[in-house]
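*Asks:* Mind looking over this structure? Questions follow.
The values are calculated or read from the model by the stated rules, or taken from the named source; none is laboratory data. Keep in mind it's a predicted model, so treat the numbers as computed, not measured. Note: ideal-geometry Cβ built from the backbone for every residue, glycine included; neighbour counts use all protein chains shown.
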Amino acid sequence: MAAMSNNTSRFPSLSKPGRSHRTTPSSEFWAGARDIIPLVIGAIPFGIIFGTLAIGAGLSVTATLAMSALVFAGSSQFIAVGMVAAGTGGLLVVLTAFVVNLRHLLYSVSLVPYVKELSQRWKVPLAFWLTDEAFAIAIRRYERGDRSPYKHWYYLGAAVTMYSNWQLCTVLGITVGRMIPNATEWGLDFAMSVTFIGMVIPYLKTWPMGIAVVVAGIGALLAYPLPHKLGLMVAAIAGIAAGAYSERFFDSMNHEHE
């Protein structure tokens, strides 16, 4: 997904299921499913390539399908497959995947005010299906001013659509992907990188956010040569730390001027 301007013309616009008193669980669910489609399209080549790479790395069909069904975290799955192929120990694989997914804690904190009143039968599946794409779509719906009581259905619609797409693309990668010569060299995985850029750009509204992204990006480039994908861990930690400290700095500056 290409970088976006403030008009977010290339980012999925929120469907409007209607005024708050007219929304229903069904209308919210299908609105979420529609709004995440552009991000689903961006994930298609990523999922197909994962299925192809996993089999090529020596994972069985069952293990590959189970990873997509139970882990459901594209970045971590790619990293895990690469580390398994390189003969990395299981503990380091798990630790790396854990650190890479720490961003989901930040997503969760942002969503807590909106889902805290839901029952556990809602919180558990929504937490499991939380992804970068689902968060980007759901948080925009929650931040709208209307008082629809069914916004969690919107989140569910977006999340289930992304999940279903990921499972289907994994199957295609396992089956059709192996029939395509040198599929991993086509550069189709770049589509997901561009998708992430498109999701991040609209949220760069403050200096701490921008600093966190810049530091993480520079850290990823500098630490890329580190073995076992440790550069991702370094970049993630550096970005989070830079964002947190810069936010404190700007807050203190604002207090001094008051």
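*Asks:* Could we say that residue 53 is closer than 22 Å to residue 159 by Cα, of a type outside the set (Val, Ile, Thr) and either assigned to a helix (DSSP H, G or I) or not assigned by TED's automatic domain parsing to the domain that holds residue 159 (or both) here?
*Replies:* So residue 53 fails the test.
*Asks:* Say we look at region 94-124 and pick out the residues that are under 16 Å from residue 236 (Cα atoms) and among the aliphatic types (A, V, I, L, M); which of these is surrounded by the fewest Cβ atoms within 10 Å (Cβ to Cβ)?
*Replies:* Per the criteria, the residue is 105.
*Asks:* Residue 14 versus (1) at pLDDT 90 or above; (2) not assigned by TED's automatic domain parsing to the domain that holds residue 80: which is the lone unmet condition?
*Replies:* (1)
*Asks:* OK, next. So which of 160, 112, 124, 171 is part of a helix (DSSP H, G or I) and under 24 Å from residue 201 (Cα atoms)?
*Replies:* Residue meeting the stated conditions: 112.
Matching residues to (1) among the charged types (D, E, K, R); (2) touching a helix residue (DSSP H, G or I) at 6+ places or on another chain (Cβ under 9 Å):
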position: 211; (1), (2): no, yes
position: 214; (1), (2): no, yes
position: 221; (1), (2): no, yes
position: 227; (1), (2): no, no
position: 239; (1), (2): no, yes
position: 247; (1), (2): yes, yes
position: 250; (1), (2): no, yes
position: 257; (1), (2): no, no
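*Asks:* Related question: Among the residues of region 127-157, which ones are among the hydroxyl-bearing types (Ser, Thr, Tyr) and either part of a loop (DSSP other than H, G, I, E, B) or crowded, with 18+ Cβ neighbours inside 10 Å (or both)?
*Replies:* 131, 148, 150, 154, 155
*Asks:* Hey, which of the helices (runs of 4 or more DSSP H) in region 57-109, taking only ones fully inside, have at least 2 residues that are outside the structural domain of residue 42 (by TED's automatic domain parsing)?
*Replies:* Result: 90-100.
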